[in-house]
Amino acid sequence: MIIKHSRGEYPIWFEPYSDFQAGLQGPFVVITDENVHSAHGHLLPSGIPTLILPPGEATKSIECYSRCLDWLGELPLTRNGTVVALGGGVIGDLVGFVAATYMRGVAFVQVPTTLLAQVDSSIGGKVGIDLPAGKNLAGAFHPPSAVCVSGEFLATLPPRQFVNGTAEVWKAAYIRDESLLTRLRAGALSLDSQDLQQCIISALMIKQQVVEQDEFETTGLRAQLNFGHTIGHAIEKALDYEGLLHGEAVSIGMVVEAQIGEALSITRPGTSEEIKADMIKQGLPITIPESISVDTLLHAMARDKKVTQSGLSFSFLTQIGTCKLCQGLNSVEISRILSDIA
Ligand code: ADP
Ligand code: ZN
């Protein structure tokens, strides 16, 4: 698969990591985290400079960013070198931002090792880190020069992390791909699914179509990928990014946004019940944690960086398989609907 962007294009390879690594041109270095290194470090040839960072969202920080830059500077990595981001979304986002800024930009390749990163964050070119003031507040568009999506990594992923990633596969199906949905509904997605790779490819193809047509999020098309995310991000924020994983929050978000869409007569009635049944079958949560009040949720939404001056923005399904971006929604009305749902 090839992803095109304004400055060129990059391939996504579906092959074992060792084969991909053998084909890398020029000098390369690896940045990874402790968990990925313990499980897959043996795949790295000896002598390859490797920086191993602590796992977890806290690694997407200015401190780790600066540690990476210092490390590259001391090696030193020259302009023709490549940085390999071997890990989940945290490593991919951080290392991408490091590569975007080190020497005004060096090449990097994404080797996503979580399902979530394989189907979502590793393509599209968005990279960045968190600031004390909020998530992903410092970032850039810096497409990788290649992506390697290899099934071997998923085998060591904790089960909860695997299920977490399935939420974005379901999302892709809901917004654009009824045939993927049919496949997913034939049996929840698992490591043993015969067509796991095919489902990953289908989800990636949807992301590809969208990011190729709206690379810099200017036309509203890319924002359609945010189905489930207005509520999902607000839940994550209200919980201080602890307790629920991103895909879990998005799962709840998809159910609740379908309910809001139905209440606004945008989404076909019955859609939220269908999504609920799918998420339960997949082992994903469907209800907003009781500790989060409607007011807290609204407050979290109002501070989202995607909120326009004029109101809240949602990507609503019109029916399964199609969605549309709705902007400028009145927060009082959304609050009333959320209270009715609760
Ligand atoms: P995400 O891709 O969901 O954004 P992270 O980069 O935080 O998230 O990865 C989630 C967790 O899974 C982290 O603790 C990370 O170290 C661990 N992890 C990532 N890939 C693997 C893997 N292939 N095997 C085992 N653990 C992994
Ligand atoms: Zn997401």
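Every read-out reported here was derived from the displayed coordinates using simple, explicitly stated rules and does not represent laboratory data. The structure presented is a predicted model; accordingly, all values stated were derived computationally and were not measured. Glycine gets a Cβ as well: all are built from the backbone with ideal geometry, and neighbour counts include every protein chain shown.
Net charge in the neighbourhood of Gly243 (other residues with Cβ under 13 Å of its Cβ; Lys, Arg +1, Asp, Glu -1) is -4.
Using a cutoff of 8 angstrom between alpha carbon atoms and counting only pairs six or more residues apart, the relative contact order for the range 1-73 works out to 22 percent. Relative to the longest principal axis of the Cα atoms of the chain, the long axis of helix 62-74 makes an angle of roughly 20 degrees.
Bridging of Lys171 to lysines at a Cα separation below 24 Å is possible for Lys4, Lys126, Lys135, Lys207, Lys237, Lys276, Lys281, Lys305, Lys306, Lys324, once same-chain residues fewer than 8 apart are set aside. Residue-wise HN-Hα couplings along the range 10-20, as the Karplus relation 6.51 cos²θ - 1.76 cosθ + 1.60 with θ = phi - 60° gives them from phi, are 9, x, 10, 9, 10, 7, x, 4, 4, 5, 4 Hz; Gly and Pro carry x. Taking the longest Cα principal axis of the chain as reference, the axis of helix 229-238 is set at about 80 degrees. Based on the convex hull around the alpha carbon atoms, the range 1-77 presents an average projected area of 6.8 nm². Using only side-chain charges placed at the Cβ, +1 for Lys and Arg and -1 for Asp and Glu, the dipole size of the range 63-121 relative to its Cα centre rounds to 200 debye.
Can you pull the percent of Cα pairs in the range 96-163 with separation above 21 Å? Tail fraction, whole percent: 34.
Taking 0.36 nm per residue of sequence separation and subtracting the Cα-Cα distance, how much length would be gained by fully extending the chain between Gln213 and Lys281, in nm to one decimal?
21.2 nm
Could you work out how much longer the chain between Thr78 and Glu242 gets when fully extended? Use 0.36 nm per residue separation minus the Cα distance between them, nm to one decimal. Full extension of this stretch gives 55.2 nm more. Rounded to the nearest Hz, the phi-derived 3J(HN,Hα) couplings of the range 208-223 under the Karplus curve 6.51 cos²θ - 1.76 cosθ + 1.60 (θ = phi - 60°) are 4, 4, 6, 6, 5, 7, 9, 4, 9, 6, 10, 9, x, 5, 4, 5, where x marks glycine and proline. Under 5 Å from the amide H of Ala138 lie the amide H atoms of Ile129, Leu131, each residue being 5 or more positions distant or on a separate chain, with H modelled from the backbone and absent for Pro and chain starts. Note: relative contact order over the chain, using C-alpha pairs below 8 Å and six or more positions apart, is 14 percent. Taking amide H atoms as placed 1.01 Å from N in the peptide plane, the amide H of Asp33 lies under 5 Å from those of Leu53, each 5 or more residues away in sequence or on another chain. Whole-Hz Karplus values for the range 117-124 come out as 5, 5, 9, 9, 6, 6, 10, x Hz, taken residue by residue from phi with 6.51 cos²θ - 1.76 cosθ + 1.60 and θ = phi - 60°; glycine and proline positions read x.
Centre-to-centre, using Cα atoms only, the range 228-281 and the range 115-188 are separated by 17 Å.
When every Cα-Cα distance of the chain is counted in 20 angstrom steps from zero, the calculated P(r) takes the values 32, 58, 10, 0 percent.
Across q = 0.09, 0.19 Å⁻¹, the range 227-342 modelled as identical point scatterers on its alpha-carbon atoms has Debye log10 I(q)/I(0) values of -0.20, -0.97, in the order of the q list. With contributions of -39500 (n - 2.57) from each DSSP H run of at least four residues, the per-residue ellipticity at 222 nm computed over the chain stands at -13000 deg cm²/dmol. With both residues required to sit in the chain, DSSP beta bridges show an antiparallel share near 45%. The charge dipole of the chain, taken about the Cα centre with unit charges on the Cβ atoms of Lys, Arg (+1) and Asp, Glu (-1), comes to about 620 debye, rounded to the nearest 20.
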